[in-house]
Amino acid sequence: MPMVTLRYEDLKKLIGADKDVILDRMPMIGADVERIGAEHADVEFFPDRPDLFSIEGVARAMRGFLEIETGLPRYDVLESNVSITIKKSVRPIRPHLACAVVRGLSLCSDSIESLMSLQENLHWGVGRDRKKVSIGVHDLSRINPPFTYLATDPSFEFIPLDFDRPVSMRKMLEIHPKGIKFAHLLEGSKRYPLIVDSAGNVLSFPPIINCELTRVTDATRDLFIEVTGTDISVAVALNIVATALAERGGKIESVEMVSDGAVRRMPNLSPTTRALQVDEVNSLLGLDLSAEEIARNLEKMRLGATIHADKLTVEVPAYRADILHAWDLIEDVAIGYGYDRFKPEFPETATIGRTHPIEDKFALLRELMIGLGFSEVMTFTLTNEKVHFDNMKRRRVKVTRVKHPISMDHTMVRSSILPNLMEILSLNRHRELPQRIFEVGDVILDGKNEQRLAGVFIHSTASFAEIKSIAESVLRDLGTEFTIEEADDPAFLEGRRASIIVDGRSIGVLGEIHPDVILSFGLDHPIVAFELDIS
Amino acid sequence: MARRKDLTTDEKRVLLVLSKVKSTSPEKLASLAELNVETAMRAAFLLGQKGLSKIAEKSTEIYSLTPEGVLYAEKGLPERRIIDFMAGKETSLSKLREAFSAQEIDIALGWLRKKGWASIEKRKDEAIITPLGIKRDPQGEILDLLHAGRDLRRFDPDVIKALLSRNLIVAAEKTTRTISITDEGRRLVARGIEIVDEIAQLTPDLIRSGEWRKKRLRAYDVNIPVLKVFGAKKHPYRRLLDQMRKIFLEMGFEEIRGDIVQTSFWNFDALFQPQDHPAREMQDTFYLDSKGDLPGNFAQKVKAMHEHGGDIGSTGWGGKWSLELARTEVLRTHTTALTIKHLADNPDPPVKAFCIGRAYRREAIDATHLPEFVQLEGVVMDEGVSFKNLLGCLAEFYKRMGFEAVRFRPGYFPYTEPSVEPEVYVEELGWIELGGAGIFRREVTAPLGIRHPVLAWGLGVGRLAMLRLGLKDLRDLYRSDIDWLWRCPTCQW
């Protein structure tokens, strides 16, 4: 989750409350305070609230929550004379663009750092690591509008950020740290996206890197912001950045966007509206709030609210990305009301508890096995072919394999429990003997769960007769009619292995484990074992 | 001062023997006292406690052969066998290769040089080994001695070190004990010791014949430590899971379980997770090659919900929703795949259900992360249930788990709204986050025909297990040390 650094000095200035009060209440708006330092705190916010990914956004929300300034924040947007044309050539690669100008800023190194970290957090939280959205911020005084967004040949050269000489765009993907990191986003493209000004100066090569020319410094007063991407979420990302800068005292100005002859202006900061029923709020939360109380809680959350008898019209600011449905507003009412003020009440819903028959069977089998002196173990159902088949001398067959294993130990889901028990014996080879262990649980066959019971017994005189009497004891207790036949499971010794037959079908195997199998698990004592299908 | 009548027959016997010898070994003592070694030594220890005997302990290193050591003791060390094979003549490496394995030659060449038994030089393309004569072979001598079962009285520590590094011998500590009598013991013997017949073990014969009445039953020291025995038990983690299962059953919940392999539809799409959500990417989820069938009645409604928000006034996620992606099978990443299916199959209120089962995430394994873990989940669906009731379920559940203090903070989970993070107070740790909860979004319930709010909460039980079982490493739950299973007390909460 995105981590935001909150400097106390800044926090106090932007909110106008004591830092201890702020930090004490902050978790109640939906945040994890990770670290409280001497100068600053590190706080994590949830991925659905990208508007809280900067100290400015947090301050805006906390001013509402602490009732210092409530209701919908309003931002004036003047028209700038900056325009940008989106060329057809870029549409197949990265079609969406949103731009704004913010003037009159006085940035210091801390606020530049805060802006950079907001950008990075948005790249992560909204941008899917720049794939969906990437943001570029430029010193407007270094470039000359109008601008053009186009696609160009990878051989085109300019000086990227942190470089002192021109490099071709193709080369940048190989040698620039950002190029290496994000090259995959342009895989398969014959031409690369580029934003240039009227004099041919490059602003940026989205979604990879800006030009060195437009670097933002503490001398920068006016900013040009461009957000490119693959869908309309570019607009909300732009709104979040622009309004955060406005919280710092910047004046937002709109940019004329020209595409295929159509002209429109961005950013559009007008709120969206949603209707909310008083009844629905109270019934979902289990409260009895009046329309006025609901409105007050919404305003604490920086939403606009107008009351019309038993319903409200709610204005949602243009920087909120998380309001999809009325219930999202109801959660805001609950947060505004305060989670700590709810009186928990167990629901009156009258129902009768019921166990699952498979779990009941598991419990019974555990009782039987423990009575027979076997200790229960629990093992991973994830395993690998070597342990599951090769070590067991069993032929590899089709099983549920995972597509991209994260380690060679876990490449498939087990279809038998016995190999897991052999592994446990192997881990315990230095422990006292005899050892008797069992597991009852799920295996997967043909993509479906089946249930198995398996037990193993290791000691210097382990014998076929011993495990046969144990398996038979379990079967008797289960009331199963069975017969015993010679088996051919290669994990067991020939002549000392048997199948358990029920209704003409083999439901399990028992016998003396083959010495090759014993050795392959790094063991050297006789082992007897059984496994039963109990589905 | 020990009194005569405090001594058992065994102790008396041992003391009498000790009074006649200066000092002795346990074996010697046992044979003179006509007892087995264990009994004689127990008596000697008890006499020691009473100040009547002394036991001196001395430990020495003893060495024994490893299987490889035995082999070389029988066949000869590889370098020795090669020297013998060469019979004093220059021999080429390829000649040696005909008679010895590559591994043996590897071992031998190094040692031939180190021991100064032969020189090796390259002539043209051939390595030639020239024997230089052998004076002694201390390594071989020690192997022979050990193989013959003889003690090593005098040896060169460097040779022992070499043999240890060659993994041909292993060292073990051996403690030898010497028992002698004290002055006080001598005084007691001087005053005279009488041995009367005592019974240690009551037998059926003694009981039936009434003979036991005529004999003296020896009184035992009830404080003597005895052998520890451990019964077979449930896995300690199982005990914890059973406790939680019991809580749900007592609260009137129905237990559900289901397949590990699920379609992305039930695992993600039905829960309104957008198809481009990072959690669905292959670096977090175990995808399978297989595809499953979709429930036809629900698939179109879920598609409409994702694409434009269906008919409940939601915006949806926009974009195109792919049926093929939804059919891709995964190892379930949470048990919610099962609870949502259960609710879709049982849309009429009331439903109170719980599930305790394995979930799978593509995570590198370490002390606090497992690719496979147990998740617990509970849902309540009924007309008119509310967020306040959800908090009520959480408070009751955690209280029954033994956490009296619970508090609630806003949370975020992709398929619930409102969402809440419960925290419980743990002595010495403070407030800790334990699980997550919320009311299923309408975008989740509406396409499945569920008309009433669904309160849901869940937690990964691993963290709780670490707290309760005092584990530092989650892997220990699934790679059990049998000794831990035996010793772990069942009543620790």
query = Hey, what do the phi angles of segment B:237-252 turn into as Karplus ³J(HN,Hα) couplings, whole Hz, using 6.51/-1.76/1.60 and θ = phi - 60°, x for Gly and Pro?
reply = 5, 4, 4, 5, 5, 5, 4, 5, 4, 5, 4, 4, 5, 5, 8, x
task = Set the Förster radius R0 to 35 Å, insert the Cβ-Cβ distance between B:Glu27 and B:Lys214 as r into 1/(1 + (r/R0)^6), and round the FRET efficiency to 0.05.
result = 0.50
task = With a probe of 1.4 Å, find how much accessible area segment A:149-218 has per residue, and write the answer as a whole number in Å².
result = 47
key: Charge tally in the Cβ shell below 10 Å around A:Cys99, where Lys, Arg are +1 and Asp, Glu are -1, A:Cys99 excluded   = -1
remark   = Judged on accessible area alone, 1.4 Å probe, highest first, B:Tyr425, A:Tyr319 line up as B:Tyr425, A:Tyr319
query = Shape of chain B from its Cα gyration tensor (a ≥ b ≥ c, root eigenvalues): rounded if a/c is under 1.5, otherwise prolate when a/b > b/c, or oblate?
reply = oblate
query = Over the alpha carbons of segment A:222-300, what is the largest minus smallest coordinate on each principal axis, giving the biggest first in Å?
reply = 51, 32, 19
message = So, for chain B, what is the accessible surface per residue at a probe of 1.4 Å, expressed in square angstrom?
response = 49
request  = Compute the distribution of all C-alpha to C-alpha distances in chain A, in bins of 20 Å from 0, and list the percent of pairs in each, rounded to whole numbers.
outcome  = 18, 31, 26, 23, 2
note = For segment A:321-454 (alpha-carbon point model, no solvent) the Debye-based log₁₀ I(q)/I(0) at q = 0.11, 0.13, 0.17, 0.21 Å⁻¹ works out to -0.66, -0.75, -0.94, -1.29
query = How high is the relative contact order of chain B, in percent, counting Cα pairs under 8 Å that sit 6 or more residues apart?
reply = 12
request  = Normalising by the residue count of segment A:348-454, find the relative contact order in percent from Cα pairs under 8 Å and 6+ residues apart.
outcome  = 29
message = For a 26 Å ceiling on Cα separation, which of these pairs sit above it: A:Lys343/B:Lys399; B:Lys22/B:Lys58; B:Lys95/B:Lys161?
response = B:Lys95/B:Lys161
Cα-only Debye scattering, segment B:53-94: base-10 log of I(q)/I(0) at q = 0.25, 0.28, 0.29, 0.30 Å⁻¹ = -0.89, -0.97, -1.00, -1.02
query = Around A:Thr381, which amide H atoms from residues at least 5 apart in sequence, or from another chain, sit under 5 Å from its own amide H, with H modelled in the peptide plane?
reply = none
request  = Select from segment B:194-237 all residues whose loss of accessible area on going from the chain by itself to the full protein assembly reaches 20 Å² or more (probe 1.4 Å).
outcome  = B:Ala232, B:Lys233, B:Lys234, B:His235
remark   = Given all pairs of distinct Cα atoms, segment B:386-479 yields a Kirkwood Rh in Å of 14.5
task = Could you check how much of the accessible area of the protein assembly as shown is carbon and sulfur, as a whole percent, using a 1.4 Å probe?
result = 49
ask   = Two-decimal Rg/Rh of segment A:77-205 from alpha-carbon positions, Kirkwood Rh?
value = 0.94
key: Loop sites in segment A:25-122: GluC sites (Glu not before Pro), DSSP, at most 16 other Cβ within 10 Å   = A:Glu39, A:Glu67, A:Glu69
inquiry  = I'd like to compare B:91-102, A:359-370, B:433-444: which one has the highest average count of other Cβ atoms within 10 Å, and what's the full order after that?
reply    = B:433-444, A:359-370, B:91-102
inquiry  = How high is the relative contact order of segment B:6-118? Use alpha-carbon pairs under 8 Å, at least six apart in sequence, and give a whole percent.
reply    = 17
ask   = Which of the lysines could be linked to A:Lys171 by a straight reach, that is with a Cα gap under 30 Å, when you skip same-chain ones fewer than 8 residues away?
value = A:Lys87, A:Lys88, A:Lys131, A:Lys132, A:Lys181, A:Lys190
message = With the crude spin-label approximation of a point 7 Å out along Cα→Cβ, what separation in nm comes out for A:Glu69 versus A:Thr217?
response = 3.1
query = In whole Å, what three semi-axes, largest first, describe the equivalent ellipsoid of the protein assembly as shown built from its Cα gyration tensor (square root of 5 times each eigenvalue)?
reply = 70, 42, 31
query = Give or take rounding to whole Å, what are the principal axis extents of the alpha carbon atoms in segment B:1-73, in descending order?
reply = 58, 22, 19
query = Roughly how large, in nm² to one decimal, is the mean projection of the convex hull of the alpha-carbon atoms in segment A:473-535?
reply = 4.8
Translational diffusion coefficient (Stokes-Einstein; Kirkwood radius from C-alpha pairs) of segment A:17-76 at 20 °C, 1.002 mPa s, in µm²/s = 175
message = Just checking the output field for B:242-254: average partner chain Cβ neighbours within 10 Å of each residue's Cβ?
response = 3
Cα convex hull of segment B:312-358, projected area averaged across orientations, nm² = 5.2
task = Quick one: angle between helix B:296-308 and the longest Cα principal axis of chain B, in degrees between 0 and 90, rounded to 10, please.
result = 80
note = For A:Lys251, counting only aspartates and glutamates whose alpha-carbon sits under 18 Å away and dropping same-chain residues fewer than eight positions off, the answer is A:Glu56, A:Asp76, A:Glu79, A:Asp139, A:Asp218, A:Asp222, A:Glu226
inquiry  = Report, in listed order, any pair from B:Lys291/B:Lys352; B:Lys50/B:Lys174; A:Lys361/A:Lys448 with a Cα-Cα distance greater than 29 Å.
reply    = B:Lys291/B:Lys352
key: Highest to lowest packing among A:438-449, B:65-76, scored as the average C-beta count within 10 Å   = A:438-449, B:65-76
message = Return the equivalent ellipsoid semi-axes of segment A:244-373 as a descending list in whole Å, where each equals the square root of 5 times an eigenvalue of the C-alpha gyration tensor.
response = 49, 25, 15
key: Acute angle (nearest 10 degrees) that the helix B:102-114 long axis makes with the longest principal axis of chain B, alpha-carbon atoms   = 50
Descending Cα extents along the principal axes, segment A:399-512, whole Å = 43, 39, 27
query = Computed over the Cα atoms of segment A:282-340, what is the ratio Rg over Rh, Rh following Kirkwood?
reply = 0.93
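The values are calculated or read from the model by the stated rules, or taken from the named source; none is laboratory data. Treat the numbers as computed from the prediction; the structure is a model and nothing was measured. Cβ sites come from the backbone with ideal geometry, for glycine too, and all protein chains shown count toward neighbours. Calculation scope for accessible area: heavy atoms of the full protein, side chains included, ligands and nucleic acids excluded. Shrake-Rupley method; radii C 1.70, N 1.55, O 1.52, S 1.80 Å.
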